[in-house]
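For reference, the structure discussed in these notes is given below.
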Amino acid sequence: MSDTSFIRTEMLPAKTPPVGQRGVVKWLRENLFAGPMNTILTLLGLIAVYYLLAWSVPWVMRGIWDADTLQDCRRLTIERYGEGASVACWAMISERWHQFMFGFYPQDLYWRPVLAFGLLFAALAPVLYYGERRTNLKLIGAVAVLTLVFMGETWKLADIAPKATPALASNSSLVIGFAVALFGLLLATAAAAPRKLTWFTAIYPLLGFFLLWGGSVWGPLGVAMGFAILGIVFVLLQGRLGVVVAAGAGVLVAAIWWLGVQTVATTALHSAMPMGLYSVNSDVFGGFLLSFVIGVSAISMSLPIGILLALGRRSDMILVKTLSVGFIEFVRGVPLITMLFTASLLLQYFLPPRSNFDLILRVIILVTLFASAYIAEVIRGGLAALPRGQYEAADALGLDYWQAQRLIVMPQALKIAIPGIVSSFIGLFKDTTLVALVGLADPLTGITRIVRADINWKNIYWEPYVFVGAIFFAVCFGMSRYSMYLEKKLKTDHR
Amino acid sequence: MTIAVEPPKAAFRLSMLIYDTRYRAMTIQVIVLALVLLFVGWLTDNTIQNLAAKDKDINFGFLWARAGYDIDQQLIPYTNDSTHGRALFVGLANTLVVAFFACIFATIIGVIAGVLRLSKNWLVARLMTVYVEVFRNIPLLLWIILSFVVLGETRPAPKDFRVTDEMIAAGESPAATMSFFDSVAITNRGSNIPAPKLTTDLGGFELLGVPFSFAVLGTLALIIGSVLVNNRVLAQAKAVQEATGDRPTTWWKSLLILFAPTLLFLWVLGFHLEYPVLKGFNFQGGISVAHSFTALVIALSIYSATYIAESVRAGILAINRGQTEAAYALGIRPGRTMKLIVLPQALRVIIPPLISQYLNITKNTTLGMAISYLDLKGTLGGITLNQTGRELECMLLMMMIYLTLSLLISSLMNIYNNAVKLKER
Amino acid sequence: MKKSVFLGTLAATTVLAGAAFAGTLDDVKARGELICGSNVALTGFGAADAAGEWKGFDVDLCRAVAAAVVGDGTKVKFVPTTGETRFTALASGEVDVLIRNSTWTYSRDNDLKFDFVAVNYYDGQGFMVKKDLGVSSAKELDGATVCIQTGTTTELNLADFFKSNNISYTPVTVGDDTEAQRQYETGACDAFTTDASGLASTRAAMADPGNHIILPEIISKEPLGPVVRHGDNNWGDVVRWTFNALLIAEEKGITKANLEEVVAAATADAAYDPEVKRLLGIDGDMGAMAGLDKEAFKRAIAVSGNYGEIFEANIGASTPIGLARGLNALWTQGGLQYAAPFR
């Protein structure tokens, strides 16, 4: 009996797929040339990419950096690349970049906006990474290094620029010492008690204001004192009178302090112990400094207003609800430009006669109102996304309205709303370019207009737009990516 | 039933206004109302004082005064002898027409980009991602200015289109020619497109200064009528399908009903197109479209399309894959799956953000100011305000108009949203 | 005061507010700084340079006023205003004086409640066209496309001009100066119209100035000058006479360079021109009449020199803008600039 049966005991080695089905070719076939329609699309795409690059890359890369005027640039272009060549004139950017960044801020004080900008991230870190020691340490460390480097860099400018301020006001060693000490303190806190860092976030608005505007140190301290009074009154009364009444009383007492006592107290303190920074008026703010000041202050101030409006809109009290809805819908119904023109043309009609203040402050107020309506809607979305059971559970635990909001509802709703808040900020940041229409020096058209008024750069056209557009793109793209990352990170439900 | 224990009826005390939750809400509302009234009163009082100090009053009489300036794009008749009030309406019409076209184009581009972002073609998907990211992360103002400049700088001047006798003799062709079979002239100062004209004029009437032509009204009525009749036919076909399972062919009926009456009507009236021709300095005839309008429409639509693309993508991704698979399992063809299963569900997700994009487009038309497009902001809130110095009146009027517009659009779109929304129980 | 009829309590406050608005001079002195409404950016007339320093023809007049009132030509805050916001800024008291090439018109003077206290530049609206268009007069512009800047008197003049000549045109409205130029250069319009000074400076900055001509017609009168609020006569006088002082200085040959020499000579020489002595505060206390001190006008001249010097330094023939004095020459040289006597 011969054994003719054959049983394979091991698998045949897999054959390599045909050329068309493996490696690069397969990828190309599947992703670029699957079917005639796809092939056409791919070819069209390739042509579009080629034309875009062939047109833009030489223009950008061959740009002229060493010229003093546009005429110089044109001459050098012809010398280097022959008649008819078109290249960028980046020399304008290298001469005027500081105006695009800081507007007319005194050049020897550039360290102040730089430091304020750096500290902004240090203040945001503990909110975004609450209690995470390592992340906070890394972030604040990186911010500290970058800020100090940039402060050093801007110092070189200050040395050549005419001094706008008394020498002591921009004493470099003193300033660097202060910055190093501040960052050191922050890093130490981050290492020892990362949760305590939120205190820095709380005082940052006043610190940032003080750094940018300067003036007597007692002014911001007085304002802080007002908030402290508000807090104390609230804590004392809350147990007996309930949250709303206690908050009302707190605001009342604080308002008395701010409007009545503070000026007297701070003036007295200032004359007794004059301490402060060289005062800078906000009419010199311009460029990206202006964009950030308007964007950041409007968003941060609109958050509390937005939360109140969102709660008001969901309230059972018919009057409160009507007012909130009315406000939100009105603001969302009119274009931002009309708000800006209200700030520049109408606000002075609504304020007591002779009360005049800076256009930038007026714009910030109106933009804050504008942003708060949008933030309110974002937060309302967060509130609505919360399952009904959360509210019911809070009620079942016997929490009252404010306890439920504070402990159960808001932490979850805000978490859901963070991406929305970030995208509101991106929108608002882009919209700050509109302030040029009321005569402020925004980077896009405001500063560009000023640069073009110089006879040397009179007809320059594309370069400032490309430069400013690139920076806007970098900032906004970075933020939108970050918000996507946050969205993923904060997603705690495991669906 | 158990006997409910009645809480002892306490006599009303003043402190209950704060402590008793039943009254607290009332107390808070009264206080809020008082504060709001106080605030409004304060504002009004300030305004009256300020007006008095400047020796001004609130007076809308300027709307009936001669405007004196020209507007380069007018949808309703206007000359510099017309009133400021009429300039307002010209501006409003300009706002509406930009918003209308921008909404349509943004939707088309947005839907295409959103679908292509999900394309299996790697290059196309990446290109669309780049498009979306680049356009939405750079301020709209920049795009408006850029598209305006590109239109102006890349197109030839009108004189380049000119064909002289010498050129014909020498056999040369002009430096530039008109596009689309010699019907559209895009020069560096604007575009001229063919204008529809009728040889027989039916006359018309004027309402509030806006002329209405019977021919146009008649055409509109015919189109609406045809659509209604067509709907009846389709409904009947559906009824037959539900009763018998077979759907009668309707496409030729639909075509006939939809187009035949209108075409016949237009043919009887002698419909033809008037083509632009080069005369003097410029192209004459046809409809001339200013570049500021074109640029604004282009910039608004490509910018807003990125947002629409994102919501379309999100909408399609939100539909459970199982829906498509189930449809395939039932033997429904892919095209019909998209039409009958996926899209109706995706629309529910897409429409609310679409509404807010339409609102944004309408509000963003004000940015036309940067390229001097004379919309409502340009006429009422720009030149009129400037010439009359009536900032309070102009701004209030303008805000009210924009607010009305926004509320109108959002309510119209909400009606549509309710129509397509899945009916939940 | 009309409002006080139906709001009795308001009458008092209205008077108060009105009175408060009247004291701009005291306000400026107390503040120690002049707030000057300026152009956002207009080549030669007012713009900030790379260091953030404001420079220009209008800016120098602001500095002269500041020097006269506060004693220091650098104590000026410039508030950039657009065509839309300028008059509101002045009316609301946000700025003390508006020196921003604004045309003096009847309705602005009366309806908007302002006072134009002087004319520091006589301008007029003109047209610029490309040479190859073959046009030599504005009346040949029938059917042309014309670029105009909005928010000014230009658009009204243009409409009037074409109407009165019975010819038609297509307007292309443009927001700002640079944009209008760009559009004109790319050929988006056949003609560019604005004030003649603007046309000249635009032409000067072009790559090919030879290919453009400015048509001879000047279709309007555009007296540009400093504006103050109506009813504040004292403050108006201060601004007017500061400007007049600059004119008189040119007339008398007082320059920034020789100012101190003139002062020394006039102090030493009893027979020196008495008007110069009064102007420079050597003889009598003329400044006090306007609420200023003796040497106020001397300081005003010291900042950037007399009217002629300011003109030459910012927009004159030696600058790239290259404007001729023309109507703005002194009356002694055939121009319109004529200062009332300082006595």
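The values are calculated or read from the model by the stated rules, or taken from the named source; none is laboratory data. From a predicted model like this one, the values you see are computed outputs, not experimental measurements. Methodologically, a virtual Cβ is constructed for each residue, glycine included, from the backbone with ideal geometry; neighbour enumeration extends over all protein chains shown.
Just to be sure before I move on: is residue B:406 crowded, with 20+ Cβ neighbours inside 10 Å, touching a strand residue (DSSP E or B) at 6+ places or on another chain (Cβ under 8 Å), facing another protein chain (nearest Cβ under 10 Å) and not acidic (Asp, Glu) in the structure I sent? Walk me through it before giving the result.
Working: crowded, with 20+ Cβ neighbours inside 10 Å: yes; touching a strand residue (DSSP E or B) at 6+ places or on another chain (Cβ under 8 Å): no; facing another protein chain (nearest Cβ under 10 Å): yes; not acidic (Asp, Glu): yes.
Judged against the criteria, residue B:406 is not a match.
For residue C:207, the conditions (1) at pLDDT below 80; (2) assigned to a loop (DSSP other than H, G, I, E, B); (3) buried (at least 20 other Cβ atoms within 10 Å of the Cβ) are fulfilled apart from (3). Restricting attention to region B:116-127, the residues that are at pLDDT below 85 and either surrounded by fewer than 18 Cβ atoms within 10 Å (Cβ to Cβ) or more than 11 Å from chain A (Cβ to nearest Cβ) (or both) add up to 4. Only a single item in (1) in contact (Cβ under 8 Å) with a residue 40 or more places away in the chain; (2) assigned to a helix (DSSP H, G or I); (3) polar (S, T, N, Q) is not met by residue A:271, and it is number (1). From the list A:250, A:287, the lone residue that is small (Gly, Ala, Ser), surrounded by 17 or more Cβ atoms within 10 Å (Cβ to Cβ), in contact with a helix residue (DSSP H, G or I) (Cβ under 7 Å, 6 or more places away or on another chain) and under 30 Å from residue C:52 (Cα atoms) is A:287. Quick one: how many residues across region C:153-176 are among the β-branched types (Val, Ile, Thr), at the interface with chain B (Cβ under 9 Å from one of its Cβ atoms) and farther than 14 Å from residue C:191 by Cα? Result for region C:153-176: 1.
When region C:84-100 is filtered for residues that are touching an Asp or Glu at 6+ places or on another chain (Cβ under 7 Å) and at the interface with chain A (Cβ under 9 Å from one of its Cβ atoms), only C:88 remains. Kindly indicate whether any position in region A:327-346 is farther than 16 Å from residue A:302 by Cα, away from chain B (no Cβ under 14 Å) and assigned to a loop (DSSP other than H, G, I, E, B). The answer is no, given that none of the residues of region A:327-346 is farther than 16 Å from residue A:302 by Cα, away from chain B (no Cβ under 14 Å) and assigned to a loop (DSSP other than H, G, I, E, B).
Taken over region A:253-273, the criterion of being within 27 Å of residue A:360 (Cα to Cα) and either in contact with a Pro (Cβ under 9 Å, 6 or more places away or on another chain) or surrounded by fewer than 12 Cβ atoms within 10 Å (Cβ to Cβ) (or both) is satisfied by A:259, A:260, A:264. Scanning region C:25-52 for residues that are in a loop (DSSP other than H, G, I, E, B), at pLDDT below 85 and not small (Gly, Ala, Ser), we see that the one that is nearest to residue C:323 (Cα to Cα) is C:43.
Could you tell me which of the residues B:360, B:386 is of a type in the set (S, T, N, Q) and within 7 Å of another protein chain (Cβ to nearest Cβ)? Steps first, please.
On the way: B:360 fails: within 7 Å of another protein chain (Cβ to nearest Cβ).
That would be B:386, the only listed residue that is of a type in the set (S, T, N, Q) and within 7 Å of another protein chain (Cβ to nearest Cβ).
Right, residue C:188: assigned to a helix (DSSP H, G or I) and touching a residue at least 40 places away in the same chain (Cβ under 8 Å) or not? It is false that residue C:188 is assigned to a helix (DSSP H, G or I) and touching a residue at least 40 places away in the same chain (Cβ under 8 Å).
Restricting to region A:455-482, and then to whatever is within 13 Å of chain C (Cβ to nearest Cβ) and aliphatic (A, V, I, L, M), can you tell me which residue is surrounded by the fewest Cβ atoms within 10 Å (Cβ to Cβ)? Give the steps one after another, and end with the answer.
Here is the first cut: in region A:455-482, the residues within 13 Å of chain C (Cβ to nearest Cβ) are A:455-462, A:464-465.
In the following step, the residues that additionally are aliphatic (A, V, I, L, M) were identified as A:455, A:460.
Values: A:455: 18, A:460: 23.
The residue in question is A:455.
Take residue A:349 and tell me if it is within 14 Å of chain B (Cβ to nearest Cβ), modelled with pLDDT of 85 or more and part of a helix (DSSP H, G or I). Step through it out loud before you land on a result.
On the way: within 14 Å of chain B (Cβ to nearest Cβ): yes; modelled with pLDDT of 85 or more: no; part of a helix (DSSP H, G or I): yes.
Answer is no for this residue.
Every condition in (1) within 14 Å of another protein chain (Cβ to nearest Cβ); (2) in contact (Cβ under 8 Å) with a residue 60 or more places away in the chain is met by residue B:381 except one, and the failing one is (2). Do we find a residue being small (Gly, Ala, Ser), within 14 Å of chain C (Cβ to nearest Cβ) and within 30 Å of residue A:358 (Cβ to Cβ) anywhere in region A:447-454? The answer is yes; a qualifying residue exists. The set of residues in region C:270-299 that are more than 28 Å from residue C:23 (Cα to Cα), among the aliphatic types (A, V, I, L, M) and surrounded by fewer than 16 Cβ atoms within 10 Å (Cβ to Cβ) comprises C:270, C:271. Highlighted here are the strands (runs of 3 or more DSSP E) found entirely within region B:217-333 that include at least 3 residues which are over 30 Å from residue B:361 (Cα atoms): B:271-274, B:277-279, B:282-284.
Suppose we keep only residues that are part of a loop (DSSP other than H, G, I, E, B) and of a type in the set (Phe, Trp, Tyr) within region B:50-94. Which one would you say is nearest to the other protein chains (Cβ to nearest Cβ)? Here the residue is B:69. Only one of the numbered conditions (1) in contact with a Pro (Cβ under 6 Å, 6 or more places away or on another chain); (2) under 22 Å from residue C:225 (Cβ atoms) is violated by residue C:203, and that is (2). Only a single item in (1) at pLDDT 75 or above; (2) over 18 Å from residue C:99 (Cα atoms); (3) more than 9 Å from chain A (Cβ to nearest Cβ) is not met by residue C:22, and it is number (1). Take residue C:93 and tell me if it is surrounded by fewer than 24 Cβ atoms within 10 Å (Cβ to Cβ), over 21 Å from residue C:69 (Cβ atoms) and in contact with a helix residue (DSSP H, G or I) (Cβ under 7 Å, 6 or more places away or on another chain). No.
Considered as a group, the residues in region B:128-145 that are surrounded by fewer than 19 Cβ atoms within 10 Å (Cβ to Cβ) and among the aliphatic types (A, V, I, L, M) include one that is nearest to the other protein chains (Cβ to nearest Cβ), and that residue is B:134. Being farther than 30 Å from residue C:187 by Cα and without any contact (Cβ under 8 Å) to a residue 24 or more places away in the chain is the filter here; which residues of region B:134-154 pass it? Passing the criteria: B:134, B:137.
Just to check your reading of the model, which residue among C:197, C:136 is more than 10 Å from chain B (Cβ to nearest Cβ) and either out of contact with any strand residue (DSSP E or B) (no Cβ under 7 Å at 6 or more places or on another chain) or in a loop (DSSP other than H, G, I, E, B) (or both)? Outline the logic, then answer.
Details: C:197 fails: either out of contact with any strand residue (DSSP E or B) (no Cβ under 7 Å at 6 or more places or on another chain) or in a loop (DSSP other than H, G, I, E, B) (or both).
The unique qualifying residue is C:136.
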